[in-house]
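Asker: Below you will find the structure I want to go over with you.
Each reported figure results from applying straightforward, stated rules to the coordinates on display, with no laboratory input. Here the structure is a predicted model, which means the values were calculated and not measured. Note that we place each Cβ from the backbone using ideal geometry, even for glycine, and neighbour counts take in every protein chain shown.
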Amino acid sequence: MPIFNFRDEDALGKVASVDTTNVIVDVENIDQLKRLQVNHLAVLQSSRPGQHLIGLITQVTRKRGVEDIGNDGISEQTSELSLCKITLIGTMLDRDGDRENVFRRTLESVPEIDANCFSLDGKNLTGFMRTLSSVSADGNALTLGKYTLDEHAVAYLNGNKFFQRHAFIGGSTGSGKSWTTAKIIEQMAGLSTANAIVFDLHGEYSPLVGQGIQHFKVAGPADVEAKRTIDDGVLYLPYWLLSYEALVAMFVDRSDQNAPNQAMIMAREINQAKQKYLEDGGQKDVLKHFTVDSPVPFNLDFLMGRLNDINVEMVPGARGEKQGDFNGKLSRMISRLENKIFDRRLGFMFNGGGDVLDFSWLEKFTTAVLGSSGENGKAGIKIINFSEVPSDVLPLIVSLVARVTFSVQQWTPSELRHPIALLCDEAHLYMPQRSMAESADDISLDIFERIAKEGRKYGVSLVVISQRPSEVNKTMLSQCSNFVSMRLTNAEDQGVIKRLLPDSLGGFSDILPTLDTGEALVVGDASLLPSRIRIDEPKNKPNSGTVNFWDEWQKPVKDKRLSIAVDNWRKQNIQ
Ligand SMILES: Nc1ncnc2c1ncn2[C@@H]1O[C@H](COP(=O)(O)OP(=O)(O)O)[C@@H](O)[C@H]1O
Ligand SMILES: [Mg+2]
């Protein structure tokens, strides 16, 4: 049974003009006009039997005009011209092979002038939405919630398409991004060999527990002190894993006049230190091919010893000894290095103990962080809490995890590869616009842009999540082909989303500021329709960053809280 049963007399009007994707309908029935709503759906008769075209109403206008000057030249009749502009979005086929009622996002025909146009509501709408839900539910469905147009129709996304070409989740603070992310995580966790890493910058996702989900935390000072390890869910990201460029960004001050020399010496000496490590460990195969960027540990004391020697080096000269080429030129770099090494907050990098210098450490790390569900009896959704990583090195550290992921995927023979998604919450913090970037951000951007452009080939998908779309790197956004936009109150941010939508849907973004909490505009190839969706609540809710000041100010205050804070601050340790 075809789901659409329209009677000609119910038509709201006839097609008056057609271009490639837009249609203008002359609305004859004023009562109908009043009921039309922007962003609701309409159905147009197609030139082909058994087909209907589906469109999104983008504009409704009513113009008064003067017409028909009577023969007597006096009597005037005012007429009204009521128009409705519709963007075509797909075709509904009564039958496609042996399947009935199939919706396609292609336009298989165009409407003809004078074709009837109907508004899609009541039973017809329910039938259509049900079709959408059933079509999409064939095996690869990712559910976000229900269509706002029809609260009974489940909105499915195509899970393959959602991850294939990267996705973006945007919305002002408190609009529901983290809950939406939790809803997605919850469903991924149900897949038997799911694989994803969630960059959780504030420990918001710690309440998400259950099969398929495990938690890690980048070591904070207290974890380092207690010598917690990866088996306790504590991660170290040792300095030797950083690329040469990342190390330079961290240790060399670009404004220092000796910066080029320092960077050059750094490259040479790290190379030497890695070589020594490999020689001492008898790693002959690796020795032949390694570069300064190879993931080979090296001894930091050895490096520091060399740098100090070079910094005070005396060489034979014509008249006795003279200062070596780099004498005194490394002082500032050495002191920067020393400061970092002794910074307790950076213990996860410099104070991982002997384990992290072990040649087998990297395999242990990748097994924990990149393993999929079921592999080694582990859970595949790894939520990594970065809340104790200082903000100045955050881009370097988050992108380091991304780099390790991408490298491992690249170096996996294609027949052994298993796809992985990186869910990047608060993305504006580590993938900012180039113009706002600092040197450490540049490193991070290079990595993420590379993944955005090439990730698909290697089965790495990005889900970029941010409250400030206008601060997120443009290249990253332009690589995303699915958008889940929640309420956005800032005009600049709305503009960014508007520009990312297809031209014909530009007007759809006008509703961004009016969306309710937990409501999203979903556009992209994973969604059958560009649609407004009310996101379901996730089972386990992320910690809300929202402090209820007024409520809190009516509760008793905890004892000694200030002296504890001051003490912690001094010891750099939250007790
Ligand atoms: N899908 C939803 N349904 C109902 N309430 C929601 C939904 N999503 C979010 N909320 C409410 O909004 C609050 C903020 O959501 P959250 O996801 O933390 O926002 P964001 O990450 O965008 O800052 C939540 O604590 C919850 O009360
Ligand atoms: Mg959030």
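Asker: At a Förster radius of 56 Å, what calculated FRET efficiency corresponds to the Cβ-Cβ distance of residue 323 and residue 104, to the nearest 0.05? Numbers along the way, then the final one.
Answerer: Numbers: r = 76 Å, r/R0 = 1.36.
E between residue 323 and residue 104, to the nearest 0.05, is 0.15.
Asker: Next question. Using a simple spin-label model with points 7 Å from Cα along the Cα→Cβ vector, what separation in nm is obtained for residue 123 and residue 450?
Answerer: 6.0
Asker: Tell me whether the range 245-331 comes out rounded, prolate or oblate; compute the Cα gyration tensor, take square roots of the eigenvalues as a ≥ b ≥ c, and use a/c under 1.5 as the rounded threshold. Kindly include the intermediate steps, with their values, before the conclusion.
Answerer: Values: a/c = 2.67, a/b = 1.50, b/c = 1.78.
Oblate shape, in that a/c is at least 1.5 and b/c is the bigger or equal ratio.
Asker: With a cut-off of at most 12 other beta carbons within 10 Å, and DSSP calling the residue loop, which chymotrypsin sites (Phe, Trp or Tyr not before Pro) in the range 409-506 qualify? Please list them.
Answerer: Numbers: sites: 411, 430, 448, 458, 483; in loops: 411, 430.
Loop-located and lightly packed - 411.
Asker: Then there is this: On a straight-distance basis, which lysines could pair with residue 284 in a cross-link, Cα separation under 18 angstrom, same-chain partners fewer than 8 positions away excluded?
Answerer: Cross-link targets: 274, 276.
Asker: While we're on this one: Find which of 320, 341, 303 sits farthest along the positive direction of the dipole of the range 270-343, computed with +1 on the beta-carbon of Lys and Arg, -1 on that of Asp and Glu, about the Cα centre.
Answerer: The Cα lying farthest towards the positive end belongs to 320.
Asker: Shifting gears a bit: Using only Cα atoms, find the angle between the long axis of helix 361-370 and the longest principal axis of the chain, and express it within 0 to 90 degrees, rounded to the nearest 10.
Answerer: Rounded to the nearest ten degrees, it is 10.
Asker: Tell me what the chain gives for mean residue ellipticity at 222 nm when only DSSP H runs of n ≥ 4 count, each as -39,500 (n - 2.57), the sum divided by the residue total, rounded to 500 deg cm²/dmol.
Answerer: On the way: 18 runs with 182 residues, N = 575.
Dividing the helical sum by the residues of the chain leaves -9500 deg cm²/dmol.
Asker: At 0.36 nm per residue, and after removing the present C-alpha to C-alpha distance, how many nm does the segment from residue 5 to residue 30 gain when stretched out fully?
Answerer: Values: separation 25, 0.36 × 25 = 9.00 nm, distance 2.20 nm.
Taking 0.36 nm per residue and subtracting the Cα distance, the gain is 6.8 nm.
Asker: Please name which of 379, 147, 511 has its Cα lying farthest along the dipole of the chain towards the positive end, using unit charges on Cβ (Lys, Arg +1; Asp, Glu -1) and the Cα centre as origin.
Answerer: So the residue furthest toward the plus end is 379.
Asker: OK, next. Within the range 303-320, what residues put their amide N at less than 15 Å from the label point 7 Å along the Cα-to-Cβ vector of residue 331?
Answerer: Under 15 Å, as judged by backbone N against the label point of residue 331, lie 308-313 of the range 303-320.
Asker: For residue 573 and residue 550, compute 0.36 nm times the residue count separating them, minus their Cα-Cα distance, and round to one decimal in nm.
Answerer: Here the answer is 5.3 nm.
Asker: Please state the shape class of the chain: rounded when a/c is under 1.5, otherwise prolate if a/b exceeds b/c and oblate if not, all from the C-alpha gyration tensor. List each step's numbers first, then the result.
Answerer: Values: a/c = 2.38, a/b = 2.32, b/c = 1.03.
The shape class here is prolate.
Asker: Further question on the same structure: Considering only C-alpha atoms, what is the centroid distance from the range 99-165 to the range 243-296, in Å?
Answerer: 55
Asker: I've got another one for you. So which chymotrypsin sites (Phe, Trp or Tyr not before Pro) in the range 530-575 end up in coil per DSSP with only 14 or fewer other C-beta atoms within 10 Å?
Answerer: On the way: sites: 549, 550, 553, 569; in loops: 553.
Loop-located and lightly packed - 553.
Asker: For the range 158-216, which chymotrypsin sites (Phe, Trp or Tyr not before Pro) are both in a DSSP coil and crowded by at most 16 other Cβ atoms within 10 Å? Spell out each step's value before the answer.
Answerer: Working: sites: 162, 163, 168, 179, 199, 205, 216; in loops: 205.
Of the chymotrypsin sites (Phe, Trp or Tyr not before Pro), not one in the loops of the range 158-216 has a Cβ with at most 16 other Cβ atoms within 10 Å.
Asker: Sticking with this structure for a sec: Let me spell out the model: positive unit charges on the Cβ of Lys and Arg, negative unit charges on the Cβ of Asp and Glu, origin at the Cα centre of the range 245-331. What dipole size does that give, in debye rounded to 20? Show your work: numbers first, answer last.
Answerer: Values: 10 positive and 13 negative charges, 40 e Å.
Once rounded to the nearest 20, the dipole reads 200 debye.
Asker: Fully extended, how many nm does the chain gain between residue 499 and residue 299 (0.36 nm per residue separation, minus their Cα-Cα distance)? Mind showing how you got there, number by number?
Answerer: Values: separation 200, 0.36 × 200 = 72.00 nm, distance 4.96 nm.
Using 0.36 nm per residue and subtracting the Cα-Cα distance, I get 67.0 nm.
Asker: For labels at residue 17 and residue 202 in the simple 7 Å Cα→Cβ model, what's the distance in nm?
Answerer: 4.8
Asker: Then there is this: For residue 392 and residue 134, what does the FRET efficiency come to when R0 = 56 Å and r is the distance between their Cβ atoms, rounded to the nearest 0.05? All intermediate terms of the calculation are to be shown ahead of the outcome.
Answerer: Working: r = 51 Å, r/R0 = 0.91.
FRET efficiency, residue 392 to residue 134: 0.65.
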